[in-house]
1. I'm trying to understand the selection: among the residues of the range 278-292, which are of a type outside the set (A, V, I, L, M, F, W, C) and under 15 Å from residue 43 (Cα atoms)?
2. Among the strands (runs of 3 or more DSSP E) contained in the range 133-208, which hold 3 or more residues that are touching a residue at least 60 places away in the same chain (Cβ under 8 Å) and crowded, with 20+ Cβ neighbours inside 10 Å?
3. For the range 59-75, what are the residues that are of a type outside the set (Val, Ile, Thr) and open to solvent by less than 10 Å² (accessible area, probe 1.4 Å)?
4. Among strands (runs of 3 or more DSSP E) lying entirely in the range 90-131, which contain 1 or more residues that are small (Gly, Ala, Ser)?
5. Given (1) open to solvent by less than 10 Å² (accessible area, probe 1.4 Å); (2) at pLDDT below 95, where does residue 261 come up short, assuming only one miss?
6. Would the range 302-309 turn up any residue that is outside any strand (DSSP E or B) and at pLDDT below 95?
7. What are the residues in the range 38-58 that are open to solvent by 20 Å² or more (accessible area, probe 1.4 Å) and assigned to a loop (DSSP other than H, G, I, E, B), if any?
8. For the range 59-89, how many residues are more than 19 Å from residue 145 (Cα to Cα) and assigned to a strand (DSSP E or B)?
Amino acid sequence: VERAGREGHAVRMATPNAPLVCHGHSRPINHLEYSRITDDGVFLISSSKDGQPMLRNAETGDWIGTFEGHKGCVWSATLNAPATHAATASADFSARLWNAITGDELHVFQHKHICKSVSFSDDCQKLLTGGSEKLLRIYDLGNVDAEPYVMQGSPSQIRTAQFTAEDTLIMSSCADDKGIRVWDVRTNTIVTTLGTDSPVTSIEITPDGRYITTADGKCVTFFDAMTFTPVWKRTMGYEVESASVCIENDVFVAGGTDMWVHAHSMSTGEEVDCGKGHHGPVHSVRFAPDGKSYASGSEDGTIRIWRTLPAAGK
């Protein structure tokens, strides 16, 4: 296991209008996710087709460590609330639980097909997985060898799934079917489906659980999670793979096939900034929890961290 301590290695610092560029992955980036704000700072975890999920200091982009053990592409990686544990989902038919401080592998959850999505419950006691088996599985992290709670009924392979509503609901999207399915964990049923024009490639739920941001086709949609109705919907001039919002700044960012990272006003949809520099489609964008920066991950294998506010003195 490669580790460098939470200070990490130095990377090239950004000039006033350029992003931090984080190298290290040898193949395309599939997914990025920030931790919450912790006593040790904020962390950024990345998953890649190189099978080497990595942890970084979210502010500086410094590499902290690589979680080694998967034998195939890693589609998803996530951190629990205090960022003490990580989980990953892979094409090697497994999800894995890791100690995020030491890098040690703690458990392998075997699947019968590709695992595409992994997510911790809000209380950090459960782990949710989904993938090509068209099943949602919920594992009890207090008893990792126990059989998981299984939820059936997805029409095609699950692309992404997350807990919400104090872990009583799950939101999932499919690779080949439109819409977001809302599952009730207590009754093991789909209670409603949020309509979209195309299969959903990205779901982001705000930290307070109040809103949901989705990307599908050329659309970015902002849903009210209390009523499951759209608040607004914006149509982009390109295929969108991922979108993320910062409500405090009234901004959302989107990335996709045109290789640029676009920032837009949530209120008007007007483009307010455009980050150029990736050399392949942008597969994932996420705002940092403080809203002062956002990260993008691309087919080109790099992560870029962009500032949302001007540098001091500029």
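1. Initial filter on the range 278-292 (of a type outside the set (A, V, I, L, M, F, W, C)): 278-281, 283-284, 286, 289-292.
Scanning the range 278-292 gives 286, 289, 290, 291, 292.
2. Values: elements: 135-140, 149-152, 158-164, 169-174, 178-184, 189-205.
Fully inside the range 133-208 and qualifying: nothing.
3. Within the range 59-75, the first condition is being of a type outside the set (Val, Ile, Thr), and the residues that meet it are 59, 61-63, 65, 67-73, 75.
Correct list: 61, 65, 67.
4. Working: elements: 94-99, 105-110, 115-120, 126-131.
Per the criteria, 94-99, 115-120, 126-131.
5. Condition not satisfied by residue 261: (2).
6. If we filter the range 302-309 for residues that are outside any strand (DSSP E or B), which is where we start, we get 302, 308-309.
Next, only the ones that are at pLDDT below 95 stay: 308-309.
Yes, the conditions are met somewhere in the range 302-309.
7. Step one: filter the range 38-58 for residues open to solvent by 20 Å² or more (accessible area, probe 1.4 Å), giving 38-42, 49-50, 52, 57.
Hits for the range 38-58 are 39, 40, 42, 49, 50, 52.
8. 10
The values are calculated or read from the model by the stated rules, or taken from the named source; none is laboratory data. Given the structure is predicted, the values throughout are model-derived calculations rather than measurements. Methodologically, a virtual Cβ is constructed for each residue, glycine included, from the backbone with ideal geometry; neighbour enumeration extends over all protein chains shown. For the accessible areas, the whole protein counts, side chains as well, though only heavy atoms, and no ligand, DNA or RNA atoms are used. Shrake-Rupley method; radii C 1.70, N 1.55, O 1.52, S 1.80 Å.
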